[in-house]
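Each remark here refers to the structure printed beneath this line.
None of the figures in this text is laboratory data; all of them are computed from the coordinates on show. Computed from a predicted structure; not experimentally measured.
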Amino acid sequence: MDARLLATVSAALTWAGATALGNIGNPSPTALVHSTRIERIVTLLQPNYQLVIVVSRADDADLDFPASIPSFQSIATRMELVMSSTSAFGQQTILGRVLEKIPEITQAMLLTEEGLPLGSVGLDHSIEMAGLASSIFSNGLTFSDETEYITFTSGNTELMVTRVDETRLLLVVCRGEDPENLATMVREVLQNID
């Protein structure tokens with residue numbers, strides 16, 4: 001399946017599930033199951049990652065999903081550790097560089113195009129925000145290899161999702177008297193990262 005489509009669907013289900021459970025007084029979901037006649041899509045939500053597993057219904061007859069969840073979580077945690085430790089020794093992370101150069105930015109997140117959070121500052125619900133940012137940028141309607149950034153403006157706040165490289169995105173919340181200028185500064189910092 002198209003990873004962009006999976007990111008969009010899982011973000012929508014996560015947001016809807018968290019909202020629905022919150023309204024009945026329960027915490028956010030830790031697992032979502034989307035079943036169709038031909039496949040089952042399981043999304044595992046953890047503090048630092050989201051794992052989407054697609055299994056053919058023809059192949060999952062003997063698979064006990066509740067018993068398998070800890071194994072899936074363990075695999076995803078190891079993947080997250082590898083992905084988050086890939087910066088070169090002694091070099092600051094992309095997120096760190098943006099925050100150092102532009103101290104007015106207090107909310108930002110680095111994520112994969114598929115919606116996996118790689119690090120965030122000042123944002124609660126990082127998995128939901130990563131899924132939402134990915135679905136904004138990479139869904140079937142707005143996705144293009146040529147897209148550089150997408151912004152949403154409301155008064156003195158601008159939410160920007162911008163491309164870092166071929167596989168990563170940056171979500172930044174710009175607030176203040178000139179949020180558009182802050183967004184421009186963020187893009188300039190990203191252009192100067194070697």
Checklist entry - For segment 105-194, what percent of Cα pairs sit more than 17 Å apart? => result 44
Next on the checklist: Averaged across orientations, what area in nm² does the convex hull of the alpha carbons in segment 142-193 project?
Outcome noted: 3.6
